[in-house]
Each structure stands twice: as C-alpha cells, then as structure tokens.
C-alpha cells in the first residue's frame, strides 16, 4: 500500500493504518505505520485523508467493519426521538423525587463513533430539529451553527467533542415533551401534571444542555452522553429550586431568571399557579401564602415579565 505524504514527494510504502480521528471542517486523519526501508524503521505519523490512497482507507475500515457516516447516509431521527424520551423519563423520575440535580444520561444508541459524530452535527444546527422532532420554536429556524468544542487530556490523551445548548429555546425545541406526552403532562422542556387543584409541582430541563462524545481510538467506539440540570418548581407558591451546582449558568441570576420566565411562559393557563396570578409577578418572585389560596380573583401584581 502507498501513501502520498506531499504532492512534490515520492510515494511512501505503508505497513498499515493503526488509527484515525475526525477534525471538524477538515475530515478524517489517520495514524500511519510506515513500512521499513533498508532496515530503517520510520516513526508513525498522522496524515490527512487526502494524502492516503482510497484503497488503503477502504481496506482499513473494512477490517474494522466501520460504517462511515460521510459515505453512508443513516437516518438518526428515530435514535434522536429515543434520546428525547430518555430525557423525559429522567425528568419524570426527578419530579417524582422532587430532586433537582445534574443529570448525565448515557446514549447507548450512539456508541458507534460515526453515529456519535452524526448526532453532534445534528445538534450543532438547532434548526435541524424542526421537523425531525415535530417542534416549531421560532427561535431555532435560523441558520446559526453552534461551535463544536474539542478538548484533549494531556495526561491520558482522552479526546472529548461537545456541543452546548445555552438557550432555553434550543433546549425546549429538543425536548418537545408536548409531542409525545400531551398538554396535560408536559410541554417544551417542562414536565408537569394537571388535574389536581393544589400543588402541581413541575420540573424543568434547564441550561446548559451538553451533547458530549468521548472517543476511544483503540476500537472506534465512543461514550456518548447528554448532560443537563433540572430545576424544580413548587406548584403552590411557584418557588424555583435549582440543582445544587458548584458552577454553571444557573448560578448566574440572569440565566436563572431566564429559566423562570420560560416556565411562566409555557405553563398552561389551567395550571393553579397561572390561575392564582404567578405569571404577573416579577421573575424571581413566588406567591405568598395568602395569594396561594385558590379562591377569588387576585389584583394586578405588576407588569408581566414575559417580555423582559
């Protein structure tokens, strides 16, 4: 097998390809073990896909039985919907336990590195979710493309690729609970139950939400996870409790209030908190014990904060 290291240099013999990785915007790179020349052993090097013969690459991937997402189109829509339901299950359990916390949801369906990278590419453009998940958030219809964050541990060489959702519109569009839970149990990134006239607690998937892929170069497998915090809301007073985070966006008041405004915007009109006037209070306020009593009509508590 041959490898053309540079256009102006002769072709070099290759012993075998021993690894590969993907660089966003540049394609695949391969670790090459060079064939010995005149009893001299050359050091391994990393070469771009463009400098390696197609037959060598084909042989390499055929030996690993690897499905290349760039050559074979795979519809990951059903896998993404399955992921969304895993999020809903996680949130439902958190709501039952009334325990807001940081969640790390393993995505076993994206163990294959090619599928994992497809998921990241899908996540980078939130408008890809419109149609795929049946949501229609106006804010995600733009052509904006989120950055792919790459980090590498200098000690053990572990590589991590990550896409972060830091806007509630993106998170709500991905979760889209209303499309399979119904308006009585959830909508957008909110999970709640209707039917009772008291203490309808709710749970919110808050920001940031991180799609994370950790590569294992030895066997072309990946550890793919979806990480996000949940926020618990008291259905009687509207008190919001974030996860006990040491760091993160929810520690900042402006981001925390964004989450509160999101809840107020999407809670249905029949929810007891809305009926009792919670929406009309400033972002960080809850109802008093007197206001929380479900009788009569309450006075105007100030301008709505939905436009804040």
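The values are calculated or read from the model by the stated rules, or taken from the named source; none is laboratory data. Nothing here was measured: the structure is a model prediction, and the numbers come from that model. Positions of Cβ are backbone-derived with ideal geometry, glycine not excepted, and every protein chain shown enters the neighbour counts.
Of all residues being surrounded by 18 or more Cβ atoms within 10 Å (Cβ to Cβ) and free of Cβ contacts under 8 Å to residues at least 40 places away in the same chain in segment 250-276, which is nearest to residue 189 (Cα to Cα)? Just the residue, please.
Applying the filter and picking the extreme gives 260.
Among the residues of segment 187-195, are any under 30 Å from residue 60 (Cα atoms), in a strand (DSSP E or B) and at pLDDT 90 or above? Reasoning before the result, please.
Quick first cut of segment 187-195, residues under 30 Å from residue 60 (Cα atoms) only: none.
No, segment 187-195 has no match at all.
Consider residue 235 against the criteria (1) within 30 Å of residue 284 (Cβ to Cβ); (2) surrounded by 22 or more Cβ atoms within 10 Å (Cβ to Cβ): it satisfies all of them except one. Which criterion is unmet?
(2)
Scan segment 224-239 and tell me whether some residue there is in contact (Cβ under 8 Å) with a residue 24 or more places away in the chain, touching a strand residue (DSSP E or B) at 6+ places or on another chain (Cβ under 6 Å) and not in a strand (DSSP E or B).
For segment 224-239, residues in contact (Cβ under 8 Å) with a residue 24 or more places away in the chain, touching a strand residue (DSSP E or B) at 6+ places or on another chain (Cβ under 6 Å) and not in a strand (DSSP E or B): absent.
Here are the criteria: (1) within 18 Å of residue 164 (Cα to Cα); (2) in contact (Cβ under 8 Å) with a residue 40 or more places away in the chain. Tell me which single one residue 247 does not satisfy.
(2)
Show me the strands (runs of 3 or more DSSP E) entirely contained within segment 3-58 in which 1 or more residues are modelled with pLDDT under 85.
12-23, 27-34
Quick check on segment 278-290: of everything there that is farther than 22 Å from residue 250 by Cα and surrounded by fewer than 18 Cβ atoms within 10 Å (Cβ to Cβ), which residue is modelled with the highest pLDDT? Break it down stepwise before answering.
Here is the first cut: in segment 278-290, the residues farther than 22 Å from residue 250 by Cα are 280, 288-290.
This time we only want the ones that are surrounded by fewer than 18 Cβ atoms within 10 Å (Cβ to Cβ), so: 288-290.
Numbers: 288: 86, 289: 80, 290: 78.
Ranking the candidates gives 288 first.
I need a count of the residues in segment 134-167 that are surrounded by 14 or more Cβ atoms within 10 Å (Cβ to Cβ) and either at pLDDT below 85 or out of contact with any strand residue (DSSP E or B) (no Cβ under 9 Å at 6 or more places or on another chain) (or both).
Residues meeting the conditions: 6.
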